[in-house]
Amino acid sequence: MRYSVDQEGFYGVFGGAFVPEMLYPNVEELQSEYLNIINDVDFQEEYDDLLKNYVGRPTPLYLAKRLSEKYKARIYLKREDLCHTGAHKVNNTIGQILIAQRLGKKRIIAETGAGQHGVATATVCALMGLECIVYMGAVDIKRQAPNVARMKMLGAEVRPATSGSQTLKDATNEAIRDWIGNPTDTHYIIGSVVGPHPYPDMVARLQAIISKEMRWQLHEAEGTELPERIVACVGGGSNAAGAFYHYLNEDSVGLVSVEAAGLGIHSGESAATSVLGTKGIIHGSRTLLMQDEDGQIIEPYSISAGLDYPGIGPMHAHLIDSGRAKAISITDKEALEAALMLSRIEGIIPALETAHALAALDKMSIKENELIIVNLSGRGDKDLAAYQTYLEGLNDG
Ligand SMILES: *Cc1c(COP(=O)(O)O)cnc(C)c1O
C-alpha cells in the first residue's frame, strides 16, 4: 500500500484536491461515490463486458522476437494500440461514462489538447447517447483537424478556447468554468491521472486493467507473473499508471517512466518534468511541474502532443521522488528513430508518445535475457505526417 493514495488523496506529499470553493460540491460528490461505484458488481460486469466486446480486450501481450534479438533480451509489447480508437485512453472514458450514468449525469464535458482524449470521450458519449462538449484551444483546433473531424462525426460539440495561448491549459480552464456553472447535471471526464483527488486514483484504477492482464498473460507465456522491468511513456501518466498498478508493491519489478525531452532536456524546448520540475500546484493537485521562480508555468515542448504537458500526475511524482520508478528522458529525434526501428523490425507503427518508451531501451543497461514489458500505448496513424517529414529528411540528408 506504500504507493497507493491515502484517505485525503495524497501519494506521499503529492496529490490532494486544491480547487476553488465553487467546485467543492462536484469534487466532493465524486470523492464520496467513486469507490462505491467502481467496486459495485453491476458496474464491474458492465465495464468488463464493454472492455471485452467493444474495446477488444484483453489486448495481446506479444513477444517481439526481432526486437528481443536486437537487445539480447525477452521483450514483450502490451498492445494497447489495438484498443478501439487506437490507444489506451478508451479504458478510462468507458469507465468514467459508466460512473457518470450512475451519478445521474446527462451531460459530459472534456478538455483535449491533440484531440485523442476528445475522440475517446466523444466515442463513449455516442455509445451511451449522452450530450458531449469538448473544449479545445483554438490553435489546437487548427493543428489537429483530423481529430476535430472525428469528434464532430461522433456527434460531439467542439468548443474553441480563445483565451491565453489557446491550447490545452486554456481548454482546461474553460472546462472547469463550465463544470462550476453546471454542478448537478454534468460530469467532467479528465483524460489522465491528473487533476484533483479522486481523478488520479480513479483514472489509475480504470487503466489498471492493463497490468491485471499482464500478470496472467506473462504467467501463461513465461511461467511467472513478474517481469524484471516495465517501461511506459508518461505525459500525465495514465498508461504508465495502468501498466505499473498491479506491480507497485513488487519490489523485484523495476518501473521505468519515460518522458519527453523535446529538443534536449536543457534546450528550453522540453517536457522533461522529472528533471526540470519542482513542487507546485497545477490543475488541482500538488505535483512536480515546470515553473519559473514566480510560479508561472513554463510552456512545455515535445513533438508528441500527448507528452507535451508541463506536469506529471501526483502518483508518478511520488514514484520518482521515492526512487520506486526511474525516469528516462528521450528527445524528439530519438523517438522518431525508435518509431522507424519498430516499424521496420516488427511491422508495428507506434504512436509518437509510445516511441519515447521504445527509445528508452537504448538508454537502459539490459541484462542478457532480461524479461521486459514495454507498454505500447497507441498506434501511429495519427502521426503519419510527422513520420513522413522525418523520412523525407532522411532521404535528403
Ligand atoms: C495521450 C497519450 C499518451 C499520454 O498520456 P498518458 O496519460 O501519460 O498515458 C501516451 N500515448 C498515447 C498513444 C496517447 O494517446
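The values are calculated or read from the model by the stated rules, or taken from the named source; none is laboratory data. Predicted model, so just to flag it, every value in this text is computed and none were measured. Neighbour counts are summed over all protein chains in view; Cβ atoms, including those assigned to glycine, are modelled from backbone coordinates with ideal geometry. Areas reflect the complete protein model, heavy atoms only, side chains present, ligands, DNA and RNA absent. Shrake-Rupley method; radii C 1.70, N 1.55, O 1.52, S 1.80 Å.
What residue, of Leu168, Leu127, is aliphatic (A, V, I, L, M) and in contact with a Leu (Cβ under 9 Å, 6 or more places away or on another chain)?
Values: Leu168 fails: in contact with a Leu (Cβ under 9 Å, 6 or more places away or on another chain).
Checking each option against the conditions leaves just Leu127.
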Pairs only if they're at least six apart or on different chains, beta carbon under 8 angstrom, first in the range 272-285 and in the same structural domain as Gly323 (by TED's automatic domain parsing), second open to solvent by less than 20 Å² (accessible area, probe 1.4 Å) and of a type in the set (D, E, K, R); list them, first residue then second.
Ala272/Glu259; Thr273/Glu259; Ser274/Glu259
Mind checking whether some residue in the range 372-380 is closer than 16 Å to Lys169 by Cα, modelled with pLDDT of 95 or more and within 13 Å of the ligand (Cβ to nearest atom)?
no
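Regarding the range 89-97, can at least one residue be identified that is within 19 Å of the chain's Cα centre (by Cα), hydrophobic (A, V, I, L, M, F, W, C) and within 16 Å of the ligand (Cβ to nearest atom)? Walk me through it before giving the result.
Initial filter on the range 89-97 (within 19 Å of the chain's Cα centre (by Cα)): 89-97.
Within this subset, residues satisfying the condition of being hydrophobic (A, V, I, L, M, F, W, C) are 90, 94, 97.
Keeping just the survivors that are within 16 Å of the ligand (Cβ to nearest atom) gives 90, 94.
Yes: the range 89-97 contains one or more residues that are within 19 Å of the chain's Cα centre (by Cα), hydrophobic (A, V, I, L, M, F, W, C) and within 16 Å of the ligand (Cβ to nearest atom).
Considering only residues of the range 115-137 that are open to solvent by less than 20 Å² (accessible area, probe 1.4 Å) and among the small types (Gly, Ala, Ser), which is farthest from Met202 (Cα to Cα)?
Looking only at the range 115-137, we keep the residues that are open to solvent by less than 20 Å² (accessible area, probe 1.4 Å), and these are 115, 117-125, 132-137.
Those still in the list that are among the small types (Gly, Ala, Ser) too: 115, 118, 120, 122, 137.
On the way: Gly115: 21, Gly118: 18, Ala120: 17, Ala122: 20, Gly137: 26 Å.
Ranking the candidates gives Gly137 first.
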Which one of Arg229, Arg150 is modelled with pLDDT of 95 or more and not assigned by TED's automatic domain parsing to the domain that holds Gly242?
Arg150
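Does Glu69 meet the test of being of a type in the set (Asp, Glu) and more than 30 Å from Leu342 (Cβ to Cβ)? Walk me through it before giving the result.
Numbers: of a type in the set (Asp, Glu): yes; more than 30 Å from Leu342 (Cβ to Cβ): no.
Here the answer is no, as Glu69 does not meet what is asked.
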Sole exception among (1) buried (at least 20 other Cβ atoms within 10 Å of the Cβ); (2) polar (S, T, N, Q); (3) away from the ligand (no atom under 16 Å from the Cβ) for Ser211, by number:
(3)
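Could you run through the range 150-163 and say how many residues are part of a helix (DSSP H, G or I) and surrounded by 17 or more Cβ atoms within 10 Å (Cβ to Cβ)?
Of the residues in the range 150-163, 2 are part of a helix (DSSP H, G or I) and surrounded by 17 or more Cβ atoms within 10 Å (Cβ to Cβ).
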Report those strands (runs of 3 or more DSSP E) wholly inside the range 217-336 carrying at least 2 residues which are surrounded by fewer than 23 Cβ atoms within 10 Å (Cβ to Cβ).
254-262, 278-282, 325-331
Given (1) open to solvent by 10 Å² or more (accessible area, probe 1.4 Å); (2) closer than 19 Å to Ser377 by Cβ; (3) out of contact with any Leu (no Cβ under 9 Å at 6 or more places or on another chain), index of the condition Arg102 fails:
(2)
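Which one of these is touching an Asp or Glu at 6+ places or on another chain (Cβ under 8 Å) and within 16 Å of the ligand (Cβ to nearest atom): Glu111, Glu80?
Numbers: Glu80 fails: touching an Asp or Glu at 6+ places or on another chain (Cβ under 8 Å).
None of the other options fit; the residue is Glu111.
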Filter the range 6-32 for residues that are closer than 24 Å to His246 by Cβ and out of contact with any strand residue (DSSP E or B) (no Cβ under 6 Å at 6 or more places or on another chain); the one that is surrounded by the most Cβ atoms within 10 Å (Cβ to Cβ) is Tyr11
Can you tell me which residue within the range 164-178, out of those that are open to solvent by 50 Å² or more (accessible area, probe 1.4 Å) and not in a helix (DSSP H, G or I), is nearest to Ser302 (Cα to Cα)?
Gln166
